[in-house]
Amino acid sequence: MITQELINPKSIVVVGGSNDIEKPGGKVLKNLIDGAFKGELYVTNLKEDVVQGIKSYKSPVDLPQADLAIIAIASKFILDTVKLLTEEKGTKGFIILSAGFSELNEEGKKLEEEVVNTINEVGGSLIGPNCVGVLNPNYQGVFTLPIPKLDPQGCDFISGSGATACFIMEAGIPKGLTFASVYSVGNSAQLGVEEILKHMDESFDPETSSKVKLLYIENIDKPQMLLKHASSLIRKGCKIAAVKAGGSEAGSRAASSHTGALASSDVAVDALFRKAGIVRCYGREDLISVASVFMHKELKGKNIAIITHAGGPAVMLTDALSNNGLDVPHIEGDAADQLLEELFPGSSVSNPIDFLATGTAEQLGTIIDYVDEKFDNIDAMVVIFGTPGLFKIFDVYNVLDERMKKCKKPIYPVLPSIQTAEEEIADFLSKGRINFSDEVVLGEALARVYKTPAPAPAEIILPEVDKTAIRNIIKNTENGYISPEDIQGLLDAAKINRAGEAVADNEFDLKKSAAELGYPLVMKVVGPVHKSDVGGVVLNVKDEDSLVREFNRMMQIPETTSILMQPMLSGTELYVGAKYEDKFGHMVLCGMGGIFVEVLKDVNSGLSPLIKDEVSSMIKGLKSYKIIQGVRGQAGINEEAFAEIILRLSALLEAAPEIMEMDLNPLLGNEKTVVAVDARIRIEK
């Protein structure tokens with residue numbers, strides 16, 4: 001719970017405040033004073049009577065009531081201090097700057113837990129420990145720099161790393177990026193990124209709240225909370241970008257299915273962000289650029305016009321946009337011809353629109369007007385304008401500012417002369433504008449924003465499945481990989497189209513089942529994980545003699561308990577799988593099947609429960625999607641049937657959360673249908 005005492009305190013005590021502003025306790029006090037905190041400000045310091053002009057109390061015992069305590073003393077003294085403040089001073093807001101807790105050792109972790117328990121007993125709020133503090137319109141409770149001038153319509157920034165928060169502000173402020181609030185959550189002992197975002201969602205005011213949220217996350221402890229409140233904020237009109245660090249894995253995790261090997265925790269993060277509508281970023285500049293895109297009018301299409309007086313940057317931007325799925329479409333027609341007449345000889349309007357190094361501010365305004373009003377195949381424009389320093393270009397940037405105010409389409413300024421035109425750029429930024437100093441970084445940011453889907457709806461309706469039958473099967477099975485009969489039962493209960501099959505461990509049942517299924521048949525061992533590797537798969541068994549011979553051979557393969565038979569089917573191999581990721585829930589993966597899922601790893605993932613749009617995006621996003629569509633005379637695959645199986649698998653997972661890993665590999669697909677041919681399911685109750 002986030003209390004008003006933390007967000008908008010009437011009184012603050014700096015425990016460990018100092019005259020030495022090179023210490024956290026001194027610097028945070030100075031920042032509070034410089035920020036003109038409007039409430040009562042107190043200080044405790046064992047040795048000083050006055051600290052930075054404020055009366056200092058030698059002991060917290062002597063303090064008046066204080067809403068918020070910002071603590072900058074050694075960790076070993078903090079628990080007693082927190083107890084005193086909660087029990088005797090009515091303190092319900094705490095920011096602990098000090099380190100020496102769970103990030104240090106087990107003893108520190110226990111101390112941290114005791115501090116949290118003490119604060120929880122009074123319904124209080126804790127930021128930290130091991131953080132740089134909180135910066136909001138009510139107070140500057142941080143011991144670091146920079147401290148930006150806060151803008152209510154700037155970015156709300158929540159960071160799991162104090163240093164990273166500072167570095168991101170350091171890089172963003174000179175470009176014109178503004179901030180509304182900054183929360184450094186440190187160890188997230190009580191309040192982490194998820195809880196702060198939850199508060200922002202629950203207290204959101206469409207008139208006054210910032211509509212851009214930036215997140216730097218190292219550990220997602222409550223993914224469902226993050227999903228719920230991020231998607232809720234985005235539905236309310238917000239935009240969210242996040243860096244999730246720590247996604248690589250030093251070694252592959254042991255897994256007994258293809259899905260288990262492919263579905264890492266970072267894949268789950270990707271799936272979560274897509275479902276929530278969060279734009280995922282991978283570094284500081286990336287996050288800053290996406291945030292800066294958010295600060296402009298909404299990009300509603302993928303067709304971009306590049307307006308430039310310098311060829312090289314336009315070429316690099318064209319590459320960046322094209323390589324990331326956006327278009328720089330050719331511009332032609334009567335309006336294009338009319339525009340060309342307004343420019344100097346040698347100019348080009350075909351896109352990029354190059355009006356030469358001699359182009360004027362007036363020509364720039366004319367070009368922007370044409371693009372905004374007369375070129376219907378353009379959704380947004382990028383203006384690249386620097387200077388060799390021969391003359392001032394205030395007039396160019398003034399025109400750019402005016403057009404950005406009145407144009408319907410978004411305009412993204414790339415002003416690369418950050419030293420040569422420093423004065424002019426500073427004037428442009430002073431009007432509330434943002435500069436993208438690198439066109440390639442901008443191009444990649446535009447693509448990230450455009451390709452991030454809208455959040456999934458809060459209520460998801462799944463296909464109907466036989467939940468009673470599913471629960472009965474789960475109830476009567478043991479942990480581990482379940483039998484072919486139980487797999488058949490689950491697939492049938494979920495109405496997942498599957499090949500007819502039978503299992504036999506003796507010749508009598510073998511012959512009887514083969515006659516019922518009909519030749520030719522596929523035979524597979526039941527037991528070994530990688531059937532092909534041990535000679536446990538035989539195709540195109542055409543008669544009873546071959547059937548018996550292969551049965552006797554395959555039953556000798558180690559770990560084999562029986563033989564599975566299916567009709568010999570044809571089609572393109574596909575793959576669908578699922579894996580339970582702790583705290584996140586079930587991930588569903590799809591791709592091309594057979595060995596391709598292992599060798600090419602061309603798979604896409606989604607977080608269950610899935611909706612049809614998510615499934616469609618997963619399928620269309622595959623590198624091998626052209627094969628599914630049909631290529632070089634080869635018939636395509638029934639995409640609707642493929643999507644239906646993925647949706648029904650999601651419904652099965654919701655009915656049977658005990659499923660830990662599941663492979664449908666391969667499925668066979670053709671233009672008429674998609675059929676599950678082989679399946680493995682592992683449950684854990």
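Miscellaneous remarks
- Within the range 131-157, the set of residues being of a type in the set (Val, Ile, Thr) and surrounded by 24 or more Cβ atoms within 10 Å (Cβ to Cβ) comprises Val132, Val134, Val142.
- If you filter the range 651-685 down to residues that are buried (at least 22 other Cβ atoms within 10 Å of the Cβ) and of a type outside the set (A, V, I, L, M, F, W, C), you find that the one that is nearest to Pro567 (Cα to Cα) is Asp678.
- Within the range 535-554, if we keep just the residues that are in contact with a strand residue (DSSP E or B) (Cβ under 7 Å, 6 or more places away or on another chain) and more than 23 Å from Gly489 (Cα to Cα), the residue that is surrounded by the most Cβ atoms within 10 Å (Cβ to Cβ) turns out to be Leu547.
- With respect to (1) outside any loop (DSSP other than H, G, I, E, B); (2) surrounded by fewer than 16 Cβ atoms within 10 Å (Cβ to Cβ); (3) touching a residue at least 60 places away in the same chain (Cβ under 8 Å), the lone exception for Glu464 is condition (1).
- Where a residue in the range 504-533 is under 16 Å from Gln566 (Cβ atoms) and its partner, wherever it lies, is basic (Lys, Arg) and in a loop (DSSP other than H, G, I, E, B), with Cβ under 7 Å and at least six apart: Tyr519/Lys542; Pro520/Lys542; Lys524/Lys531; Val525/Lys531
- Any hit, the range 174-188, residues being more than 20 Å from Ile434 (Cβ to Cβ) and either assigned to a strand (DSSP E or B) or among the aromatic types (Phe, Trp, Tyr) (or both): yes
- Residues of the range 555-573 satisfying the condition of being in a strand (DSSP E or B) and closer than 19 Å to Gln488 by Cβ: Ser562, Ile563, Leu564, Met565, Gln566, Pro567
Each row is one residue, and each column tells you yes or no for (1) of a type in the set (Gly, Ala, Ser); (2) touching a residue at least 12 places away in the same chain (Cβ under 8 Å); (3) more than 20 Å from Leu317 (Cβ to Cβ).
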position	(1), (2), (3)
Phe344	no, yes, yes
Asn351	no, yes, no
Gly359	yes, yes, no
Leu364	no, yes, no
Phe385	no, yes, no
Gly389	yes, yes, yes
Pro416	no, yes, no
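- Of all residues in the range 629-651, those that are in a helix (DSSP H, G or I) and without any contact (Cβ under 8 Å) to a residue 24 or more places away in the chain total 3.
- Residue within the range 224-244 that is modelled with pLDDT under 95 and in a loop (DSSP other than H, G, I, E, B) present: no
- Test for Leu600: is it surrounded by fewer than 22 Cβ atoms within 10 Å (Cβ to Cβ), among the aliphatic types (A, V, I, L, M) and under 43 Å from the mean Cα position of the chain (by Cα): yes
- Within the range 648-658, tally of residues that are touching a helix residue (DSSP H, G or I) at 6+ places or on another chain (Cβ under 6 Å) and not small (Gly, Ala, Ser): 1
- Cβ pairs under 8 Å, 6+ apart, first in the range 475-489 and free of Cβ contacts under 8 Å to residues at least 40 places away in the same chain, second small (Gly, Ala, Ser) and surrounded by 11 or more Cβ atoms within 10 Å (Cβ to Cβ): Gly489/Ala469
- Among the residues of the range 100-116, those that are modelled with pLDDT of 95 or more and aliphatic (A, V, I, L, M) comprise Leu111, Val115, Val116.
- For beta carbons closer than 6 Å, sequence separation of 6+ or different chains, a first residue in the range 598-614 that is more than 9 Å from Val588 (Cα to Cα) and a second that is assigned to a loop (DSSP other than H, G, I, E, B) and among the hydroxyl-bearing types (Ser, Thr, Tyr), the qualifying pairs are Asp602/Ser624.
- Selection from the range 14-70 of residues that are more than 36 Å from the chain's Cα centre (by Cα), among the hydrophobic types (A, V, I, L, M, F, W, C), part of a loop (DSSP other than H, G, I, E, B) and within 21 Å of Asn138 (Cα to Cα): Ala36, Ala66
- Here the range 202-214 is the region considered, the condition is being hydroxyl-bearing (Ser, Thr, Tyr) and touching a strand residue (DSSP E or B) at 6+ places or on another chain (Cβ under 9 Å), and the residue that is surrounded by the fewest Cβ atoms within 10 Å (Cβ to Cβ) is Ser209.
- Enumeration of residues in the range 116-133 that are in contact (Cβ under 8 Å) with a residue 60 or more places away in the chain and within 25 Å of the chain's Cα centre (by Cα): Ile127, Gly128, Gly133
- Among residues of the range 181-201 being in contact (Cβ under 8 Å) with a residue 60 or more places away in the chain and small (Gly, Ala, Ser), the one that is surrounded by the fewest Cβ atoms within 10 Å (Cβ to Cβ) is Ala189.
- For the range 328-384, filtering for residues that are in a strand (DSSP E or B) and touching a helix residue (DSSP H, G or I) at 6+ places or on another chain (Cβ under 7 Å) leaves 6.
- Every pair of residues 6+ apart whose Cβ atoms lie under 6 Å, when the first sits in the range 308-334 and is closer than 20 Å to Ile411 by Cβ while the second is surrounded by 14 or more Cβ atoms within 10 Å (Cβ to Cβ) and of a type in the set (S, T, N, Q): Ala314/Thr308; Asp327/Asn303; Val328/Thr318; Val328/Asn351; Pro329/Asn303; Pro329/Asn377; Ile331/Asn351
- Residue match in the range 434-453 (condition: basic (Lys, Arg), touching a residue at least 24 places away in the same chain (Cβ under 8 Å), in a helix (DSSP H, G or I) and touching a strand residue (DSSP E or B) at 6+ places or on another chain (Cβ under 6 Å)): yes
- Matching residues in the range 288-320 - criterion: being assigned to a loop (DSSP other than H, G, I, E, B) and within 25 Å of Ile278 (Cβ to Cβ): Met295, His296, Lys297, Glu298, Leu299, Lys300, Gly301, Lys302
- Subset of the range 644-675 (residues that are of a type in the set (S, T, N, Q), modelled with pLDDT under 95 and in contact with a strand residue (DSSP E or B) (Cβ under 6 Å, 6 or more places away or on another chain)): Asn665
- For the range 676-685, a residue qualifies if it is modelled with pLDDT of 95 or more and assigned to a strand (DSSP E or B), and the qualifying residues are Ile681, Arg682, Ile683.
- Flag if Gly571 is in contact (Cβ under 8 Å) with a residue 60 or more places away in the chain and surrounded by 21 or more Cβ atoms within 10 Å (Cβ to Cβ): no
The values are calculated or read from the model by the stated rules, or taken from the named source; none is laboratory data. Because the structure is a prediction, the values reported are computed rather than measured. For neighbour counting, all protein chains shown are included, and Cβ atoms are generated from backbone atoms with ideal geometry for every residue, glycine included.
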